[in-house]
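Just below is one structure, and these are the notes that go with it.
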Amino acid sequence: MQLLIGTGVALVTPFKTDFSVDTEALTRIVNFQIENGIDYLVILGTTAESATLSQEEKVLVISTIVAANNKRVPLVLGVGGNNTHQVIDELKTRDFADFVAILSVSPYYNKPTQEGIYQHFKAIAEASPTPVILYNVPGRTGSNMLPSTVLKLAKDFKNIIAIKEAAGDIVQAMKLIQQKPEGFLVISGDDMITLPMILAGGSGVISVIGQGFPRQFSDMVRLGLQRKVDEAYEIHYKLADSIDMIFEQGNPAGIKQALKTLGLSGNTVRLPLVNIDDDLVNRISNFVKCL
């Protein structure tokens, strides 16, 4: 799907100091992304702290982003979990008119076998009214979705159109790129290896750091897709330290500090996450101000 080639950004959910959803800050963040060249937005992913949001808050986040976007860029909605039937119920009841695809994470905590992962996504593909992006992030889920499983799903279900590959393993990513069906997208879910993945044949990124530096990161991705390697790596190395910093004490606490420094939102996170320490606050803030 051509709409999903390039830079997608996994949006945070900004909170006020009383932990309520800050819709005004969320609107500012959406506008900042679009005005600085990102290609699409991802709603209610891990970076959105979606595990801590009530159903009412999720509806509020979705409606706020849809209104702020005003059909300017494509939207992808996070719909996933480790309860297959619950995910299917959401697919049957939610309105997906504003979305070009869903992003569905591989089941976490349960640690299913590869056959269990296949059957989970088979059920989702059969129930989904919109295209499906698989999401492999073993650092969070506790299990790795192997290339063989991804490729079987991609070949068996035409509405499984892409994978967000966040294993942090460039060799695994290259196997997917080498063996994928025509038209299937391999999207980086790891900011640090986004450019190598693109140069190997990947289709872009769903990024966290891109939210803080949308202009620079989008430029890097476009240059990579155009095979302008030296120019792309020049931007990569300018941003590399910030990528390490924003994940040093957990996501999205790091990127929220960058957004606070930019004047877009506060840095409040919900438990069990906590704010980053003062040393990291200073390092991130100095990087943002000097870039």
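What nm value, rounded to one decimal, do you get for the distance between Ser63 and Met192 when each label is placed 7 Å out toward the C-beta? Placing both labels 7 Å beyond Cα along the Cβ direction yields 4.1 nm. Calculate the FRET efficiency for Asp156 and Arg72 from the Cβ-Cβ distance with a Förster distance of 45 Å, rounded to the nearest 0.05. E between Asp156 and Arg72, to the nearest 0.05, is 0.85. Count Lys and Arg as plus one, Asp and Glu as minus one, and take only other residues whose Cβ is under 13 Å from that of Met174; the net charge is then 0. What the pair-distance distribution of the stretch 125-279 shows, using all Cα-Cα distances binned every 5 Å from zero, is 2, 9, 17, 18, 18, 15, 12, 7, 2, 0 percent. Global size of the stretch 45-184: 14.9, 42 Å for Rg and Dmax (C-alpha atoms, Rg to one decimal, Dmax whole).
Distance cut-off 28 Å, Cα to Cα: go down the list Lys71/Lys152; Lys180/Lys228; Lys71/Lys158; Lys152/Lys228; Lys111/Lys152 and report the pairs above it.
Lys71/Lys152; Lys152/Lys228
Excluding Asp156 itself, what net charge comes from residues whose Cβ is under 14 Å from its Cβ, given Lys and Arg +1 and Asp and Glu -1? Once positives and negatives cancel, what remains is +3. Within straight-line reach of Lys289, meaning a Cα separation under 20 Å, sit the following lysines at least 8 residues removed in sequence or on another chain: Lys238, Lys256, Lys260. Sorted from greatest to least, the principal axis extents spanned by the alpha carbons of the chain come out as 48, 46, 35 Å.
Within the shell defined by Cβ-Cβ distances under 13 Å, the residues around Asn267 carry a net charge of 0, with Lys and Arg each +1 and Asp and Glu each -1. Binning the C-alpha pair distances of the stretch 1-69 at 5 Å intervals from 0 yields a P(r) profile of 3, 17, 29, 25, 15, 8, 2, 1, 0 %, listed from the shortest bin outward. Solvent-accessible area per residue in the chain equals 43 Å², computed with a 1.4 angstrom probe and all protein chains kept. Averaged over residues, the count of other Cβ atoms within 10 Å places the peptides 154-164, 55-65, 235-245 in the sequence 154-164, 235-245, 55-65, highest first.
Tell me, what % of the accessible area of the stretch 250-291 is carbon and sulfur with a 1.4 angstrom probe?
Details: 1070 of 1980 Å².
The nonpolar share, carbon plus sulfur, comes to 54 percent.
Here Arg215 sits with roughly 90 square angstrom of accessible surface, probe radius 1.4 Å.
The values are calculated or read from the model by the stated rules, or taken from the named source; none is laboratory data. Since the model is a prediction, treat every value here as computed from it, not as a measurement. All Cβ positions, glycine included, derive from the backbone under ideal geometry; neighbour counts span all protein chains shown. SASA here: full protein model, heavy atoms, side chains in, ligands and nucleic acids out. Shrake-Rupley method; radii C 1.70, N 1.55, O 1.52, S 1.80 Å.
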